[in-house]
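The values are calculated or read from the model by the stated rules, or taken from the named source; none is laboratory data. Keep in mind the model is a prediction, meaning the values are calculated, not measured. Cβ atoms come from the backbone with ideal geometry, glycine included; neighbour counts cover every protein chain shown. These accessible areas exclude ligands, DNA and RNA; they are computed on the full protein's heavy atoms, side chains included. Shrake-Rupley method; radii C 1.70, N 1.55, O 1.52, S 1.80 Å.
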Amino acid sequence: MKSLSLIHSGFFLVLLLLVTSIPATAQQYKEDFNAAQELAKEGSLSEARDLFMQAAAGADEASDAEVAQRARYVAAQIDYRLGTEALKAENYEGALQHYSNGESIYPAYIKNLYGKGLALKNLGRIDEGIDAWMAVSAAPGDRKTSIAAEKAIRDHFIGQASTALGKRNPTRSDADVALAALASLSELMEADADVYFYTAQAYYVKGEGDAAISAAQQALEIHTGSRSDKAKIYYVLGEAYVSVNDRDAAKEAFQNAVYGAYKQSAEHYLETL
(Lines give C-alpha, C1' and ligand atoms only; values in the text may rest on other atoms or scores of the structure.)
Protein backbone atom coordinates (compact mmCIF):
# COMPACT_ATOMS: atom_id res chain seq x y z
CA MET A 1 0.00 0.00 0.00
CA LYS A 2 2.42 2.57 -1.29
CA SER A 3 0.43 4.75 -3.67
CA LEU A 4 -2.38 5.92 -1.44
CA SER A 5 -2.07 7.64 1.89
CA LEU A 6 -4.15 6.56 4.89
CA ILE A 7 -6.37 8.87 6.84
CA HIS A 8 -4.57 9.50 10.10
CA SER A 9 -5.89 6.94 12.58
CA GLY A 10 -4.42 8.14 15.86
CA PHE A 11 -7.38 10.44 16.40
CA PHE A 12 -9.52 7.51 17.46
CA LEU A 13 -7.69 7.23 20.76
CA VAL A 14 -8.55 10.84 21.49
CA LEU A 15 -12.21 10.15 20.77
CA LEU A 16 -12.09 7.04 22.90
CA LEU A 17 -10.78 8.99 25.88
CA LEU A 18 -13.72 11.32 25.52
CA VAL A 19 -16.15 8.47 26.02
CA THR A 20 -17.15 8.83 29.64
CA SER A 21 -17.46 5.84 31.88
CA ILE A 22 -20.99 4.59 32.41
CA PRO A 23 -22.19 4.58 36.02
CA ALA A 24 -22.23 0.91 36.92
CA THR A 25 -25.29 -0.34 38.70
CA ALA A 26 -26.21 -3.99 38.87
CA GLN A 27 -26.05 -4.34 35.09
CA GLN A 28 -23.05 -6.38 33.92
CA TYR A 29 -22.97 -4.73 30.50
CA LYS A 30 -22.15 -1.37 32.08
CA GLU A 31 -19.26 -2.94 33.95
CA ASP A 32 -18.13 -4.55 30.70
CA PHE A 33 -18.23 -1.17 28.93
CA ASN A 34 -16.10 0.51 31.59
CA ALA A 35 -13.65 -2.39 31.67
CA ALA A 36 -13.36 -2.29 27.87
CA GLN A 37 -12.57 1.40 28.01
CA GLU A 38 -9.74 0.76 30.47
CA LEU A 39 -8.32 -1.98 28.26
CA ALA A 40 -8.39 0.36 25.26
CA LYS A 41 -6.54 3.06 27.20
CA GLU A 42 -3.89 0.48 28.07
CA GLY A 43 -3.51 -0.41 24.38
CA SER A 44 -5.10 -3.86 24.59
CA LEU A 45 -7.23 -3.14 21.57
CA SER A 46 -8.34 -6.62 20.51
CA GLU A 47 -9.45 -7.48 24.03
CA ALA A 48 -11.15 -4.12 24.40
CA ARG A 49 -12.97 -4.60 21.12
CA ASP A 50 -14.36 -7.96 22.20
CA LEU A 51 -15.49 -6.58 25.54
CA PHE A 52 -17.17 -3.57 23.92
CA MET A 53 -19.12 -5.97 21.72
CA GLN A 54 -20.05 -8.00 24.79
CA ALA A 55 -21.27 -4.80 26.42
CA ALA A 56 -23.28 -3.97 23.30
CA ALA A 57 -24.97 -7.37 23.38
CA GLY A 58 -25.81 -6.94 27.06
CA ALA A 59 -27.17 -3.48 26.41
CA ASP A 60 -29.37 -4.89 23.65
CA GLU A 61 -30.83 -7.37 26.09
CA ALA A 62 -31.48 -4.56 28.58
CA SER A 63 -33.03 -2.37 25.83
CA ASP A 64 -30.35 0.27 26.51
CA ALA A 65 -29.97 1.61 22.98
CA GLU A 66 -27.64 4.44 24.00
CA VAL A 67 -24.99 2.22 25.55
CA ALA A 68 -25.33 -0.36 22.75
CA GLN A 69 -24.67 2.35 20.17
CA ARG A 70 -21.72 3.82 22.08
CA ALA A 71 -20.13 0.41 22.53
CA ARG A 72 -20.43 -0.50 18.85
CA TYR A 73 -19.13 2.91 17.78
CA VAL A 74 -15.94 2.54 19.81
CA ALA A 75 -15.55 -1.09 18.68
CA ALA A 76 -15.75 0.11 15.06
CA GLN A 77 -13.06 2.68 15.79
CA ILE A 78 -10.87 -0.09 17.14
CA ASP A 79 -11.52 -2.16 14.02
CA TYR A 80 -10.33 0.77 11.94
CA ARG A 81 -7.17 1.10 14.01
CA LEU A 82 -6.43 -2.62 13.79
CA GLY A 83 -7.16 -2.62 10.06
CA THR A 84 -4.81 0.29 9.50
CA GLU A 85 -2.03 -1.44 11.42
CA ALA A 86 -2.52 -4.59 9.33
CA LEU A 87 -2.55 -2.56 6.11
CA LYS A 88 0.72 -0.86 6.98
CA ALA A 89 2.21 -4.29 7.69
CA GLU A 90 1.01 -5.39 4.22
CA ASN A 91 -1.32 -7.95 5.78
CA TYR A 92 -4.09 -7.09 3.36
CA GLU A 93 -6.36 -10.03 4.14
CA GLY A 94 -6.16 -9.20 7.84
CA ALA A 95 -6.82 -5.53 7.12
CA LEU A 96 -9.86 -6.42 5.03
CA GLN A 97 -11.25 -8.54 7.84
CA HIS A 98 -10.86 -5.80 10.45
CA TYR A 99 -12.38 -3.13 8.20
CA SER A 100 -15.26 -5.42 7.23
CA ASN A 101 -15.96 -6.19 10.88
CA GLY A 102 -16.08 -2.50 11.71
CA GLU A 103 -18.30 -1.73 8.75
CA SER A 104 -20.77 -4.43 9.73
CA ILE A 105 -21.20 -3.33 13.35
CA TYR A 106 -21.35 0.44 12.73
CA PRO A 107 -21.92 1.31 9.03
CA ALA A 108 -22.13 5.04 9.72
CA TYR A 109 -18.44 5.05 10.68
CA ILE A 110 -17.35 5.18 7.05
CA LYS A 111 -13.62 5.18 7.67
CA ASN A 112 -13.83 1.38 7.78
CA LEU A 113 -15.42 1.30 4.34
CA TYR A 114 -12.69 3.62 3.05
CA GLY A 115 -10.02 1.32 4.51
CA LYS A 116 -11.82 -1.66 3.02
CA GLY A 117 -11.35 -0.07 -0.40
CA LEU A 118 -7.61 0.25 0.23
CA ALA A 119 -7.32 -3.38 1.31
CA LEU A 120 -9.29 -4.58 -1.72
CA LYS A 121 -7.11 -2.54 -4.08
CA ASN A 122 -3.98 -4.09 -2.62
CA LEU A 123 -5.52 -7.54 -3.01
CA GLY A 124 -6.04 -6.87 -6.72
CA ARG A 125 -9.81 -6.57 -6.32
CA ILE A 126 -9.87 -3.03 -7.65
CA ASP A 127 -13.46 -3.05 -8.95
CA GLU A 128 -14.71 -3.94 -5.47
CA GLY A 129 -12.42 -1.33 -3.98
CA ILE A 130 -13.80 1.37 -6.24
CA ASP A 131 -17.35 0.33 -5.36
CA ALA A 132 -16.45 0.79 -1.68
CA TRP A 133 -14.92 4.22 -2.32
CA MET A 134 -17.92 5.31 -4.36
CA ALA A 135 -20.18 4.43 -1.43
CA VAL A 136 -17.92 6.45 0.88
CA SER A 137 -17.90 9.44 -1.47
CA ALA A 138 -21.70 9.55 -1.37
CA ALA A 139 -22.01 9.04 2.38
CA PRO A 140 -23.10 11.98 4.56
CA GLY A 141 -21.41 13.31 7.65
CA ASP A 142 -17.68 12.64 7.34
CA ARG A 143 -16.71 14.88 4.44
CA LYS A 144 -12.97 14.45 5.03
CA THR A 145 -13.21 10.70 4.48
CA SER A 146 -15.53 11.19 1.49
CA ILE A 147 -12.95 13.47 -0.12
CA ALA A 148 -10.21 10.92 0.55
CA ALA A 149 -12.30 8.26 -1.20
CA GLU A 150 -12.87 10.50 -4.21
CA LYS A 151 -9.14 11.16 -4.39
CA ALA A 152 -8.41 7.43 -4.21
CA ILE A 153 -10.66 6.82 -7.21
CA ARG A 154 -9.10 9.64 -9.19
CA ASP A 155 -5.58 8.54 -8.27
CA HIS A 156 -6.25 5.02 -9.51
CA PHE A 157 -7.44 5.98 -12.98
CA ILE A 158 -5.11 8.94 -13.39
CA GLY A 159 -2.28 6.63 -12.37
CA GLN A 160 -3.23 4.23 -15.15
CA ALA A 161 -3.24 7.04 -17.71
CA SER A 162 0.02 8.51 -16.45
CA THR A 163 1.76 5.13 -16.54
CA ALA A 164 0.61 4.43 -20.08
CA LEU A 165 1.68 7.84 -21.37
CA GLY A 166 4.83 8.10 -19.25
CA LYS A 167 6.82 5.59 -21.28
CA ARG A 168 9.86 6.83 -23.19
CA ASN A 169 8.05 6.49 -26.52
CA PRO A 170 4.35 5.93 -25.90
CA THR A 171 2.43 4.32 -28.76
CA ARG A 172 -1.08 4.77 -30.05
CA SER A 173 -1.97 1.63 -28.13
CA ASP A 174 -0.65 3.24 -24.92
CA ALA A 175 -2.73 6.30 -25.67
CA ASP A 176 -5.84 4.15 -26.06
CA VAL A 177 -5.15 2.54 -22.67
CA ALA A 178 -4.92 6.01 -21.15
CA LEU A 179 -8.12 7.19 -22.81
CA ALA A 180 -9.99 4.11 -21.60
CA ALA A 181 -8.89 4.77 -18.02
CA LEU A 182 -9.90 8.42 -18.26
CA ALA A 183 -13.28 7.47 -19.72
CA SER A 184 -13.88 5.09 -16.81
CA LEU A 185 -13.08 7.86 -14.35
CA SER A 186 -15.36 10.31 -16.13
CA GLU A 187 -18.24 7.84 -15.84
CA LEU A 188 -17.87 7.91 -12.05
CA MET A 189 -17.24 11.57 -11.36
CA GLU A 190 -16.81 14.93 -13.03
CA ALA A 191 -13.67 15.39 -15.10
CA ASP A 192 -11.04 17.70 -13.62
CA ALA A 193 -8.00 19.43 -15.12
CA ASP A 194 -5.88 16.28 -14.81
CA VAL A 195 -8.37 14.29 -16.86
CA TYR A 196 -8.27 16.84 -19.66
CA PHE A 197 -4.47 17.16 -19.47
CA TYR A 198 -3.90 13.43 -19.92
CA THR A 199 -6.62 13.35 -22.57
CA ALA A 200 -4.68 16.03 -24.46
CA GLN A 201 -1.48 14.02 -24.11
CA ALA A 202 -3.18 10.87 -25.37
CA TYR A 203 -4.62 12.56 -28.42
CA TYR A 204 -1.25 14.15 -29.19
CA VAL A 205 0.37 10.70 -29.11
CA LYS A 206 -2.35 9.43 -31.46
CA GLY A 207 -1.61 12.27 -33.86
CA GLU A 208 -5.00 13.91 -33.35
CA GLY A 209 -3.83 17.48 -32.86
CA ASP A 210 -7.17 19.25 -32.91
CA ALA A 211 -8.60 16.94 -30.24
CA ALA A 212 -5.45 17.46 -28.15
CA ILE A 213 -5.80 21.25 -28.44
CA SER A 214 -9.44 21.13 -27.37
CA ALA A 215 -8.67 18.95 -24.33
CA ALA A 216 -5.73 21.13 -23.26
CA GLN A 217 -7.85 24.26 -23.51
CA GLN A 218 -10.52 22.63 -21.34
CA ALA A 219 -7.83 21.77 -18.79
CA LEU A 220 -6.68 25.38 -18.67
CA GLU A 221 -10.24 26.66 -18.25
CA ILE A 222 -10.81 24.69 -15.04
CA HIS A 223 -7.24 24.50 -13.73
CA THR A 224 -6.87 25.67 -10.12
CA GLY A 225 -3.55 24.07 -9.19
CA SER A 226 0.06 25.18 -9.12
CA ARG A 227 1.99 27.13 -11.71
CA SER A 228 4.01 23.98 -12.47
CA ASP A 229 0.82 22.08 -13.30
CA LYS A 230 -0.32 24.91 -15.51
CA ALA A 231 3.02 24.90 -17.32
CA LYS A 232 2.65 21.24 -18.25
CA ILE A 233 -0.79 21.93 -19.73
CA TYR A 234 0.61 24.78 -21.81
CA TYR A 235 3.46 22.52 -22.90
CA VAL A 236 1.20 19.82 -24.31
CA LEU A 237 -0.94 22.55 -25.86
CA GLY A 238 2.17 23.89 -27.59
CA GLU A 239 3.07 20.45 -28.90
CA ALA A 240 -0.46 20.01 -30.20
CA TYR A 241 -0.30 23.32 -32.05
CA VAL A 242 3.03 22.28 -33.57
CA SER A 243 1.40 19.08 -34.80
CA VAL A 244 -1.20 21.09 -36.73
CA ASN A 245 1.39 23.61 -37.99
CA ASP A 246 0.05 26.61 -36.04
CA ARG A 247 3.43 28.13 -35.19
CA ASP A 248 2.14 31.39 -33.69
CA ALA A 249 -0.25 29.66 -31.32
CA ALA A 250 2.48 27.15 -30.44
CA LYS A 251 4.91 29.95 -29.53
CA GLU A 252 2.33 31.60 -27.28
CA ALA A 253 1.65 28.31 -25.51
CA PHE A 254 5.36 27.54 -25.02
CA GLN A 255 5.97 31.01 -23.61
CA ASN A 256 3.51 30.12 -20.85
CA ALA A 257 5.23 26.76 -20.36
CA VAL A 258 8.64 28.25 -19.53
CA TYR A 259 8.57 27.25 -15.88
CA GLY A 260 9.86 24.48 -13.64
CA ALA A 261 10.46 21.08 -15.20
CA TYR A 262 9.20 22.27 -18.61
CA LYS A 263 11.34 25.40 -18.80
CA GLN A 264 14.25 23.98 -20.81
CA SER A 265 12.12 22.02 -23.26
CA ALA A 266 9.76 24.96 -23.82
CA GLU A 267 12.69 27.30 -24.45
CA HIS A 268 14.10 24.82 -26.96
CA TYR A 269 10.84 24.85 -28.88
CA LEU A 270 10.79 28.67 -28.83
CA GLU A 271 14.30 28.77 -30.26
CA THR A 272 13.49 26.41 -33.09
CA LEU A 273 10.01 27.47 -34.13
Checklist entry - Along the three principal axes, how long is segment 150-192 when you take its alpha carbons, biggest first, rounded to the nearest angstrom? => result 31, 15, 13
Item to check | Potential extension, residue 89-residue 221 segment - 0.36 nm per residue separation minus Cα distance | outcome: 43.3 nm
Checklist outcome for this item: If exposed means trypsin sites (Lys or Arg not before Pro) lying in a DSSP loop and surrounded by at most 12 other beta carbons within 10 Å, then the longest stretch of the chain lacking such sites spans residues 3-166
Next on the checklist: Computing the accessible area with a 1.4 Å probe over protein heavy atoms, can you report the carbon and sulfur percentage for segment 61-170?
Outcome noted: 48
Next on the checklist: Which one, 226, 55, 65, projects farthest toward the positive side of the charge dipole computed for the chain from Cβ point charges (K/R +1, D/E -1)?
Outcome noted: 226
Item to check | With at most 14 neighbouring Cβ atoms within 10 Å, loop GluC sites (Glu not before Pro) (DSSP) excluded, longest segment of the chain | outcome: 91-189
Next on the checklist: Per residue of segment 265-273, what does 6.51 cos²θ - 1.76 cosθ + 1.60 with θ = phi - 60° give for ³J(HN,Hα)? Whole Hz please, x for Gly and Pro, Karplus curve as stated.
Outcome noted: 5, 5, 5, 5, 4, 5, 6, 9, 6
Item to check | Theoretical gain in end-to-end length, residue 261 to residue 183 [0.36 nm per residue, Cα-Cα removed] | outcome: 25.3 nm
Item to check | Per-residue ³J(HN,Hα) for segment 151-163, Karplus 6.51 cos²θ - 1.76 cosθ + 1.60, θ = phi - 60°, Hz, x for Gly and Pro | outcome: 5, 4, 5, 4, 4, 4, 6, 5, x, 4, 5, 4, 5
Next on the checklist: Let me check against my output: what whole-number percent is the relative contact order of the chain, with C-alpha pairs under 8 Å and at least 6 apart?
Outcome noted: 9
Next on the checklist: Give me a comma-separated list of calculated 3J(HN,Hα) values for segment 44-50, in order, Karplus coefficients 6.51, -1.76, 1.60 applied at θ = phi - 60°, integers in Hz, x for any Gly or Pro.
Outcome noted: 8, 5, 4, 5, 5, 4, 4
Item to check | Base-10 log of normalised Debye intensity for segment 178-273 (one unit scatterer per alpha-carbon) at q = 0.24 Å⁻¹ | outcome: -1.19
Checklist entry - Given a cut-off of 32 Å, what percent of all Cα-Cα pairs of the chain lie beyond it? => result 43
Checklist outcome for this item: segment 98-249: relative contact order from alpha carbon pairs under 8 Å, six or more residues apart, as a whole percent, is 13
Item to check | Estimated dipole of segment 39-123 in Debye, rounded to 20 [Cβ of Lys and Arg +1, of Asp and Glu -1, Cα centre] | outcome: 400
Checklist entry - Quick one: putting +1 on the C-beta of Lys and Arg, -1 on the C-beta of Asp and Glu, what dipole do you get for the chain around its Cα centre, in Debye to the nearest 20? => result 680
